[in-house]
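Asker: Provided herewith is a single structure, encoded as structure tokens, for subsequent inquiry.
Quick note: the coordinates plus some simple rules give every number you see, no bench work behind them. Fair warning: this is a prediction, and the values are worked out from it, not measured in the lab. Here the Cβ positions follow ideal geometry from the backbone for every residue, glycine too, while neighbour counts run over all protein chains shown.
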Amino acid sequence: MSKLIVCLTGMPGAGKSTIAGALKNKGFEIINMGDAVRAEAKKRELEPTGQNLGELMLELREKNGPGAVAELIQDQIKNSDHEIIVIDGIRSNAEIDVLRNLGTVKLLSIHASTNTRFTFLTKRARSDDPQNREVFNERDKREIGVGISNSIALADETISNNNLTKEELIETAYRIITGWKK
């Protein structure tokens, strides 16, 4: 049976990593696209700031094509013995095309309002999270520039995460993904 590759997409702070973390606890294999970029930054001895990671992501795409970040995780998917692999942080159709060569791809979009996302990101406090609205808006523009709005628009399912509890968000995603497995 071919692998089911579930791609989580959505703007930064929408809830993708929250879902991924909970699904990992339920036994799913999770591959984070941002971690692939962070690993590349570490190889190059770059500090993992939002600006450095953003510039590296753009550089990888410039040099190796728009599916470059997905190409960084291909071996991880090929070598996985899991039936379902959840990819956290798909940003473009080119990345989805790379993954289609490795299994059946389903796209789950997580949507949240700008205010909700900004609040989530400031609470999360990862090294690359924006510290103010200006940086937040710049990051949104960069994400839209690499085509994230296209992957969001093409999603097989969308979850609106504006008024859900964390538990409701996770349960909704789990129900959708296990439904795809059948």
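Asker: Under 1.5 on a/c is rounded, so check that first for the chain, then, if it is not, pick prolate when a/b is larger than b/c and oblate when it is not; a ≥ b ≥ c are the square roots of the alpha carbon gyration tensor eigenvalues.
Answerer: oblate
Asker: Could you order the peptides 54-67, 147-160, 7-20 from most to least packed, using the average number of other C-beta atoms within 10 Å per residue?
Answerer: Peptide ranking by packing, descending: 7-20, 147-160, 54-67.
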